[in-house]
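Values in this text are rule-based calculations from the coordinates and carry no lab data. Fair warning: this is a prediction, and the values are worked out from it, not measured in the lab. Note that each Cβ is placed from the backbone with ideal geometry, even for glycine, and that neighbours are counted across all protein chains shown.
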Amino acid sequence: MIRKLAWDEELAGRLIDERKTADGALMPILHALQETFGYIDRAAIAPIAEALNISKADVHGVISFYHDFRAAPASGRALKLCRAESCQAMGCEDLIDHLRRAHGLTPDSETDGALRIETVYCLGNCALSPAALIDGAPIGRLTAAKLDALVREAGQ
Amino acid sequence: MSAKVYVPGDSAALSVGADGVAAAIGEEARRRGLDVQIVRNGSRGLFWLEPLVEIETPAGRLAYGPIEAGDVASLFDAHFLSGRPHAKALGRIDEHPYLKRQQRLLFARCGVADPLSIEDYRAHGGLKGLERALAIGPQAIVEEVLASGLRGRGGAGFPCGIKWRTVAATAADQKYVVCNADEGDSGTFADRMILEGDPFALIEGMAIAAVAVGATKGFVYIRSEYPHAFAKFNAALAAARKAGLLGHSVLGSSHGFDIETRLGAGAYICGEETSLLESLEGKRGEVRAKPPLPAISGLFGKPTAMNNVLTLASTPWILTHGGKAYADYGMGRSRGTQPFQLAGNVKHGGLVELAFGATIRTLVEDFGGGTRSGRPIRAVQVGGPLGAYFPQSLLDTPLDYEAMLEAKGMLGHGGIVVFDDTVNLARQARFAFEFCAKESCGKCTPCRIGSTRGFETIDKIVAGENAEANIALVRDLCTVMTDASLCALGGLTPLPVLSALDHFAEDFAPRPKRLAAE
Ligand SMILES: Cc1cc2nc3c(=O)[nH]c(=O)nc-3n(C[C@H](O)[C@H](O)[C@H](O)COP(=O)(O)O)c2cc1C
Ligand code: SF4
Ligand code: FES
């Protein structure tokens with residue numbers, strides 16, 4: 001798994017500083033924070049607003065608009081499971097049911113565990129549906145058996 | 001002499017174990033004291049054969065696939081390095097019927113050349129288009145693109161040459177080229193394949209656009225669902241700068257041009273051009289009202305040529321071979337070739353580049369070989385989540401912009417998703433509304449609220465509550481969404497819904513037990 005650092009104001013400040021002069025700096029800053037800490041801490045909003053000379057409400061508005069940005073830390077592995085049409089045609093919803101029934105895992109739930117299931121719509125791997133990403137690594141032709149193995153690995 | 005082995009580094013190939021295969025080949029070669037050079041090419045787009053291993057021989061590139069790490073020792077035992085037979089040997093890959101029947105202009109190099117080698121790119125015909133563009137100048141470039149008939153491959157099909165002419169004619173101290181690599185449509189992956197498998201084609205296309213419109217800076221907005229493509233494309237940018245393709249002097253000319261990448265954040269609406277511009281500027285991805293057109297007032301209020309990956313990456317071929325040669329392909333007002341993407345429940349899913357005008361049936365049956373499940377095809381969705389579902393009786397519809405519109409569908413980005421007879425179209429229509437509700441930017445009421453009403457009403461229909469009146473309500477809702485939405489998310493969600501109602505009415509008959517059991 002990809003271990004994230006604990007929130008660190010000084011490091012966050014540095015990440016913001018390094019990017020603040022880029023064109024349209026806000027998205028690169030938010031990605032850098034999330035990449036480093038696994039989420040965007042509320043404490044980052046004020047320094048970002050100040051660095052970019054925009055209001056705190058603007059920063060908050062952007063964070064809340066995009067599905068990717070998390071407001072709370074997460075510890076486990078992230079399984080992004082595609083639930084768009086091509087993967088539907090190959091039974092992704094059966095896989096969702098399987099995760100729920102066999103492992104008690106529901107997609108996009110707030111609770112944090114060893115394996116977090118996140119819904120995504122299309123990973124561009126539709127010729128090998130059902131598709132997923134585990135911590136950024138692609139998986140094609142996903143099956144219930146492969147899911148069982150991922151759940152097992154994550155729990156170790 | 002070292003043997004050259006190709007193992008795709010494309011993320012679809014990785015998703016079925018290509019890294020493991022590459023590592024096993026390296027390991028096995030070392031063990032046997034053989035000198036092997038492994039090239040991580042893009043994918044040829046025959047995904048059911050991935051990982052597809054190729055070996056360069058005097059008789060051409062010979063392929064083996066699909067290869068698992070466990071097959072590697074037996075490949076060496078069979079002397080695959082000299083192209084000898086093996087249970088998984090496929091022969092000359094360019095003779096494979098799936099490729100042989102295609103017209104690969106844009107995808108000619110993808111899966112063939114080393115995606116990060118400028119020398120290899122040149123050896124396969126790269127940079128000739130840009131060299132010619134620099135020689136003939138802005139006006140003549142626009143003329144070539146106009147003559148090619150190239151229309152935007154992102155979905156809207158707007159003529160590329162007209163857009164470029166507008167940007168070129170708008171005076172400003174700063175202009176931009178923006179590449180839309182958000183590729184949000186389900187069932188599509190052609191942009192991703194170019195970003196990973198032939199990135200210099202996009203860079204060359206953006207440089208051609210920059211010269212044509214007078215831009216000095218470019219951005220590529222890549223969706224966050226494509227981490228691998230993002231990394232590959234950034235590596236290609238670094239190589240392009242080193243080779244003098246980007247920078248103060250593009251290929252030694254007086255034109256300066258550089259490109260930066262930006263990562264999306266999981267919002268489908270950010271594929272819409274004005275929402276994408278908002279996002280690039282660091283704002284919420286809310287759709288802007290048009291006018292002004294981005295070509296006149298786009299990124300940071302400056303004239304902006306915004307195009308899809310495939311549109312831009314088609315221009316090097318057009319400049320190399322001439323607009324007329326490109327326009328010789330195609331039918332009606334759809335000129336050139338379209339990279340179709342065959343996906344879903346299909347036996348041979350992959351990238352099929354063909355001149356416009358092939359039928360849906362040619363794609364799903366001749367190329368696709370029918371469903372992967374072996375059951376009959378019942379529905380085919382063309383053009384992503386906002387595209388229509390076609391029944392068997394309409395599979396002879398030609399794939400071109402106008403014919404698709406006439407059939408109450410759209411071509412979109414060229415995605416084709418096959419469903420077998422276990423599909424329930426009421427469920428698919430419900431999903432179309434649900435997706436719209438989730439991804440709406442929130443600006444228009446019919447899109448934001450109507451979509452939620454939509455799936456709630458479909459739930460009532462299949463539960464048998466006032467079915468007839470509620471079906472009428474869904475149709476009304478579709479009319480309102482079509483007429484009163486600022487962009488195509490709200491405006492085209494009715495396409496999948498209405499096609500489901502029109503062609504698959506039986507799925508909307510009340511059957512609470514069956515749906516509940518699913
Ligand atoms: C909801 C919505 C999503 C879109 N998504 C994409 C996309 O992912 N990629 C893309 O190139 N165009 C997308 N478009 C089309 C763009 O708005 C625009 O037409 C295109 O980027 C222009 O480039 P082109 O002329 O080269 O196609 C989308 C449009 C809408 C309304
Ligand atoms: S139709 Fe929907 S997504 Fe498009 S502008 Fe209106 S609310 Fe936003
Ligand atoms: S629809 Fe699932 S990967 Fe494209």
In nm, to one decimal, how far is the modelled label at B:D94 from the one at A:D23, with both set 7 Å along Cα→Cβ?
3.9
Compute the Cα gyration tensor for segment B:118-327, then decide on rounded, prolate or oblate, letting a ≥ b ≥ c be the square roots of its eigenvalues: rounded whenever a/c is under 1.5, prolate when a/b is larger than b/c in the other cases, and oblate in all that remain.
rounded
Which entries of A:K4/B:K283; B:K242/B:K302; A:K146/B:K88; B:K163/B:K290; B:K175/B:K232; B:K175/B:K324 show an alpha-carbon separation above 18 angstrom in the structure shown?
A:K4/B:K283; B:K242/B:K302; A:K146/B:K88; B:K175/B:K232; B:K175/B:K324
Please compute P(r) over all alpha-carbon pairs of chain B, binned at 10 Å starting from zero, and give each bin as a whole-number percent.
4, 18, 27, 26, 16, 7, 1, 0
In cubic angstrom per residue, the convex hull of chain A built on its Cα atoms measures 116
Computed from the beta carbon distance with a Förster radius of 35 Å, FRET efficiency for B:R375 and B:D476 to the nearest 0.05 stands at 0.50
Could you list, bin by bin from short to long, the percent of Cα-Cα pairs of segment B:408-486 in 5 Å steps?
3, 14, 21, 23, 20, 14, 4, 1
Theoretical FRET efficiency, 1/(1+(r/R0)^6), r = Cβ-Cβ of A:I54 and A:E9, R0 30 Å, to 0.05:
0.90
What is the extension gain from B:A469 to B:A23, computed as 0.36 nm multiplied by their sequence separation minus the C-alpha to C-alpha distance, in nm to one decimal?
154.4 nm
Summing -39500 (n - 2.57) over the DSSP H runs of n ≥ 4 in chain A and dividing by its residue number, what mean residue ellipticity at 222 nm do you reach, to the nearest 500 deg cm²/dmol?
-13000 deg cm²/dmol
Classified through the alpha carbon gyration tensor (a ≥ b ≥ c as square roots of its eigenvalues; rounded if a/c is under 1.5, else prolate when a/b is larger than b/c, else oblate), segment B:3-100 comes out oblate
Report, largest value first, the span of the C-alpha coordinates of the protein assembly as shown along each principal axis, in whole Å.
74, 62, 59
Here the convex hull volume per residue of segment A:77-154, taken over Cα atoms and given in Å³, is 74
Report the FRET efficiency, 1/(1 + (r/R0)^6), for B:R333 and B:K438, where r is their Cβ-Cβ distance and R0 is 30 Å, rounded to 0.05.
0.30
Can you tell me how segment A:9-65 classifies by the Cα gyration tensor, rounded, prolate or oblate, using a/c under 1.5 as the rounded cut?
rounded
Please compute the modelled spin-label separation between B:T452 and A:A74, points set 7 Å along Cα→Cβ, answer in nm with one decimal.
2.4
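Might you report the magnitude of the Cβ-based charge dipole of segment B:330-420 about its Cα centre, with Lys and Arg at +1 and Asp and Glu at -1, to the nearest 20 debye?
Here the size comes out at about 200 debye.
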Output the 0 to 90 degree angle, nearest 10, between the alpha-carbon long axis of helix A:9-19 and the longest principal axis computed from the alpha carbons of chain A.
90
Within segment B:485-505: backbone nitrogen closer than 20 Å to the B:L405 label point (7 Å, Cα to C-beta):
B:485-499
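Given the Cα-Cα distance of B:K128 and B:A325 and 0.36 nm per residue of separation, how much length would full extension add, in nm?
Gain in length upon complete extension: 69.4 nm.
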